[in-house]
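Quick notes on the structure that follows.
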Amino acid sequence: MFARRPTIGMDPTARFPRRSGAAGTYLVLLPCAVAAILMARNRVADASEPVVGDEAVAAHGEERLVEVDAVADPGSPADVEAGVAADEAAGAAPDASLDGGEVIVVTGTRSATSLGASPVVTEVIDRERLAASGAETVADALALRPGLWLERGIGGTGVTIQGLGPAYVLILVDGQRQIGRVGGAIDLDRLGVEGVEQIEIVRGPGSVLYGSDALGGVVNVITRAPREPGVGGEVGARIDGWLATDLHGRVDGGRGAWRGAAAAQWRRGAAHDRTPADPATTISAYDDARGAAQAAWRDGDVWRVDLGADYLRRDLAGVDATATGAVLDRRNLIEIAQAHAAVHRASARTRARLTAGAGLYRDQFVLEQRGGMSLDRDEETVETLVEGAAQLEHARGRHRVILGAEGLREALDADRLSVPGARWRAAAFVQDEWRAGDAYDWLIVPAARLDHDSQFGTHATPRLAVRWDVTPRVVTRASVGFGFRAPSFKDLLLRFENPGAGYVVEGNPMLRPETSVSGQLGGEWWAHDAVWLAAGVFDHELTDLIAAVTVDAGGAGGPQRFSYDNIGRARSSGAELAAAITRGRAALELGWAWTRAVDREAGRRLEGVPAHRASVAVRWRDPAEGLDALVEATVTGARPYYLTDDPQAATLTARRSEVRARVARRFAGGLTAFLGVDNLLDAGDDHLDVIAPRTLYAGAEARR
């Protein structure tokens, strides 16, 4: 464990003061207090209240793979209603689901639609499953899913999809692009799940709808919409065996055409150290305070306006140790502020939407050497993003056509850049959903997008997706598409000198985008009302990958010089299987993924990607008794890392077996108590397989 929090020079308040946690406490206490008052005022004992919604949801497994695409706009009730109307107007086939009800999603067609109208596979984790798993963050929610892999580092936790790392996965919140990548990854631990309605994971390229960064897939976090009518609230608290705490509260409601919500959360936990003999910490301490607000106005089914804002203050602290024995106190103070607005207008066959969003990311990084100053660092990074989009959708006959345009401006100012970076990007896209066949059993969706970037020029990304309902119980789908990732500001403008080691790293402003061609093929079979099976294969071919190159070998007292160039090639292919079985109150889910990810230039496996990953989940729900229990387990194969001078000599991690469990009991009046354990087998290490140790936790929530 680290002995002290780092300061800045001689003055601990020079740029940000030591924190006692009081600010986060006050931020969360206000909505918690209001919510508690509302619940106390309205509490009515109701012993018959079900533990988790409608049991019919479990007809094919609580969390199956479903045919939805990525989401560009939050799935509010108005979006759902509009999606049904649009599907009916376009002559959509009935939904193939067997639970007797139509499943409505907000799809990668950038429009609300029914489950039966989408050709692309995506995994959906709904709010009920998030609560049952005990996940606190989006990273927790994705941790045990087959086919996904989380990579934890100093910069946070990123997700790998189908063998493609965090730099190739686009992270959205309510369709808004997230900023603040560190080492190519958006830290998923900074995204809490208390205000989340569902998480949608699109596997495969999404650049045709979202542009850059979506080569491997898209993760979209959909936040909860305010309730209407009436007023309600909730409060919750959780503490674990390491004395990490989580307090959260929410108040929401509606009256007439208006509705709104306010929420806050405070999370705090100490650092973890798996090797006490080493002064370095394994996982950083964190102190998070978040506040969010939403407002919506609706004029019948024609007009709707949505507004939202979010602020996060995240304080990370840890200790690093160098090979020479130096000990360094590390601290990051991260602030993220975001806001968005959307205006919708809908008629019987046409819908239009205008959206705008802005984000600010600020990271103040301090590194202090104990007993010296030669390795001290004090750096600041400020990133901004402003984006806007317009979309028009029209349904006629068997076709639904979507036209859209987007624009964004992003800027980055960091101490390690040679100059501040700025770029703008404009894009236009078109998509046609064509329902063919006498029984509407074919859905053919061609789409294309054209991006123009001020850094690298113009880039096109087409895609063709097809869905065939062979029978009401058998569905197949296939797609082929192109993707790209724009060079980051670090790739373009980095300027880093290390005189002690004798080298310089410089960016390359002439870089081209990384590109991919990908194919997906899969199917689902409802073998029985309570048995669902799915299988799929994928292949990604990546070219023009950006890699480090030697520009000058140095010598005669001069430093070595490194830069970046488009020289890499890689391929990731594999297969995925899934099954869900339900019987009465019990449900069983099984998953397995095989991935072959290869660096084609180096002729070796991609670093950090496991070849095999299997998962199992067992759930028991008894609404009459108010019980809900879930056990999840995964087994992940060894992962290669290249740590020596021999480029072919791989260091393999141990196979990881990870188990977590949670049991909850709901009482009358909306009170729920829960008890759980994460990482029951205490998997992981302090270097290549970084994961929090075995953790017991307990807590309670009250809702009204």
Subject >> Coarse-grained scattering of the range 201-265 at q = 0.12, 0.28 Å⁻¹, given as base-10 log I(q)/I(0) from a Debye sum over alpha-carbon atoms >> reply: -0.60, -1.11
Original post:
In terms of modelled amide H atoms, which long-range or inter-chain residues lie less than 5 Å from the amide H of Gly153?
Top reply: Gly158
**OP:** Provide the per residue accessible area, probe 1.4 Å, for the range 25-703, rounded to a whole number of square angstrom.
**Re:** 40 Å²
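Given the range 106-248, what percent of its DSSP beta bridges are antiparallel, to the nearest 5?
So the antiparallel bridges in the range 106-248 amount to around 85 percent.
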Subject >> Cut-off under 5 Å, modelled amide H: who pairs with Asp174 long-range >> reply: Val221, Ile222, Thr223
**OP:** Express in whole angstrom the spacing between the alpha-carbon centres of the range 519-555 and the range 646-704.
**Re:** 27 Å
Original post:
Which of the peptides 634-640, 197-203, 227-233, 180-186 is most tightly packed, and how do the rest follow, going by the mean number of other Cβ atoms within 10 Å of each residue?
Top reply: 197-203, 180-186, 634-640, 227-233
Original post:
Across 5 Å bins from 0, what is the distribution of all Cα-Cα pair distances for the range 229-376, in whole percents?
Top reply: 2, 8, 12, 13, 13, 12, 10, 8, 7, 6, 4, 3, 2, 1, 0
**OP:** Rounded to the nearest Å, what's the spacing between the alpha carbon centres of the range 447-517 and the range 577-617? Just the number, please.
**Re:** 24 Å
Original post:
Using 7 Å Cα-to-Cβ label points, what is the Val618/Ala309 separation (nm, one decimal)?
Top reply: 4.9 nm
**OP:** Would you please state the base-10 log of I(q)/I(0) at q = 0.10, 0.12 1/Å for the range 331-466, with intensities from the Debye formula using one equal scatterer on every alpha carbon?
**Re:** -0.56, -0.70
Original post:
Can you give the direction-averaged projected area of the convex hull of the alpha-carbon atoms in the range 583-629, in nm²?
Top reply: 4.5 nm²
Original post:
Around Val480, with a cut-off of 12 angstrom between Cβ atoms, what is the net charge of the other residues, counting Lys and Arg +1 and Asp and Glu -1?
Top reply: 0
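For Val430 and Val474 in the same chain, what is the full-extension length gain: residue separation times 0.36 nm, less their Cα-Cα distance, in nm?
12.9 nm
Return the loop-located trypsin sites (Lys or Arg not before Pro) in the range 558-645 (DSSP other than H, G, I, E, B) with at most 15 other Cβ atoms within 10 Å of their own Cβ; answer none if there are none.
Within the range 558-645, the qualifying trypsin sites (Lys or Arg not before Pro) (loop, at most 15 other Cβ atoms within 10 Å) are Arg600.
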Original post:
Working out 0.36 nm times the residue gap between Ala411 and Ala575, then minus their Cα-Cα distance, what length gain in nm do you get to one decimal?
Top reply: 55.2 nm
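To check you understand DSSP bridge types, tell me what percent of the beta bridges within the range 498-596 (both residues inside) are antiparallel, rounded to 5.
That works out to approximately 95 percent antiparallel.
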**OP:** With θ set to phi - 60°, apply the Karplus curve 6.51 cos²θ - 1.76 cosθ + 1.60 along the range 626-640 and write out the HN-Hα couplings as whole Hz, x wherever there is a Gly or Pro.
**Re:** x, 9, 8, 10, 9, 10, 10, 9, 9, 10, 10, x, 4, 10, x
Original post:
Applying the Karplus parametrisation 6.51 cos²θ - 1.76 cosθ + 1.60 with θ = phi - 60° to the phi angles of the range 412-419, what ³J(HN,Hα) value in whole Hz is obtained for each residue in order, glycine and proline being reported as x?
Top reply: 9, 10, 9, 5, 8, 8, 5, 9
Subject >> Chain lengthening between Ala323 and Asp378 when straightened (0.36 nm per residue, less Cα-Cα) >> reply: 17.7 nm
Subject >> Value of Rg/Rh across the range 25-703 [Cα atoms, Kirkwood radius] >> reply: 0.95
**OP:** Just the number, please: carbon plus sulfur as a percent of the accessible area of the range 25-703, 1.4 Å probe, no ligands or DNA/RNA counted.
**Re:** 61 percent
Original post:
From the backbone phi of the range 241-253, what are the Karplus-calculated ³J(HN,Hα) couplings (6.51 cos²θ - 1.76 cosθ + 1.60, θ = phi - 60°) in whole Hz, Gly and Pro given as x?
Top reply: x, 9, 6, 6, 10, 9, 10, 8, x, 8, 10, 8, x
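The values are calculated or read from the model by the stated rules, or taken from the named source; none is laboratory data. The model shown is predicted, which means the values in this text are computed figures rather than measured ones. Cβ: placed from backbone, ideal geometry, glycine included. Neighbour counts: every protein chain shown. Keep in mind that these areas ignore ligands, DNA and RNA; they rest on the heavy atoms of the full protein, side chains included. Shrake-Rupley method; radii C 1.70, N 1.55, O 1.52, S 1.80 Å.
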